[in-house]
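Step one of this worksheet: look at the structure below.
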Amino acid sequence: MDKVRGVIFDLDGTVGNTLPLCIMAFKKAIEPLINRSLSDEEIVATFGPSEEGTIMALAPNHYQRGIKDYLYHYEALHSMCSSPFGGITELLQSLNENKVRTAMVTGKGNFSTELSLKQFKIKQYFEQIETGSPYGPRKPDGIKAVMHSFGDIAKEELVYVGDHPSDIIASREVGIQAIAAAWATSAEPHKLLALEPDGIFYTIPEFTEWLNKRI
């Protein structure tokens, strides 16, 4: 059983149930600009890049206004998701107390990430935060940056926790353990299981118990 000395977290759907908030903010920002309705699926299909990439894809002729309005609505609507998933704060506190290093690698942009971590009151637990790019997914690069920062922690002692198949793929690409977070209602466990993660957990207490045996 490998000891875990570092845990890297995704944000949306892993630390908090922020995906419905993102989708609602995109609809409120983009639909008035393009004069039509957007389905949830149409919005989610653009995910991978940061929010700027979604605006580029859905409202390229209104980029600056789209970004401004999205961030306004994201902040105004954050009461939809006022706290992280139950057990996340306690888990982060426990990792901190046990000297397990923690970081975040998310596809979100800087501003929305800051807003959510401030709302959740958990920013102080993350030694390093790597955010997304408008031009495409960059999670493998983000994870590599954390690995470099963590220095002497071996790959076998690191885990990345995310709720999306691309999180497992990114973990495999950089050679660290992939933990599938299947506790959000938006998670699709069958897609996660198909990629054979190193672990899949349907509740945060389950994941916490697994970690406690390894720290």
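Just so you know, all these numbers are worked out from the coordinates, no wet-lab data involved. This one's a predicted model, so the numbers in the text were calculated from it and none came from an experiment. Every residue, glycine as well, gets a Cβ built from its backbone with ideal geometry; the counts of neighbours run over all protein chains shown.
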Once you list every other residue whose beta carbon is under 13 Å from the beta carbon of residue 53, what net charge do they have if Lys and Arg are +1 and Asp and Glu are -1?
0
Please order 10, 141 by the number of other Cβ within 10 Å, starting at the fewest.
141, 10
Rounded to the nearest 10 degrees, what's the angle between the helix 110-120 long axis and the longest principal axis of the chain, both from Cα atoms, 0 to 90?
60
Dipole magnitude (debye, nearest 20) for the stretch 110-210, charges at Cβ of Lys, Arg, Asp, Glu:
380
Please report, in whole Å, how far the alpha carbons of the chain spread along each principal axis, starting with the longest.
55, 32, 31
Where a Cα-Cα gap under 12 Å defines reach, which aspartates and glutamates qualify for residue 213, not counting those fewer than 8 residues away within the same chain?
2
Cα-based helix-to-principal-axis angle, 139-150 vs the chain, degrees rounded to 10
40
Which whole-number percent gives the relative contact order of the stretch 19-80, counting Cα pairs below 8 Å spaced six or more residues apart?
45
Taking Lys and Arg as +1 and Asp and Glu as -1, residues besides residue 210 with C-beta under 12 Å from its C-beta add up to -2
Taking 174, 159 and counting other beta carbon atoms within 10 angstrom, the fewest-first order is 174, 159
Angle, helix 63-76 long axis vs. longest principal axis of the chain, Cα atoms, 0 to 90°, nearest 10?
60
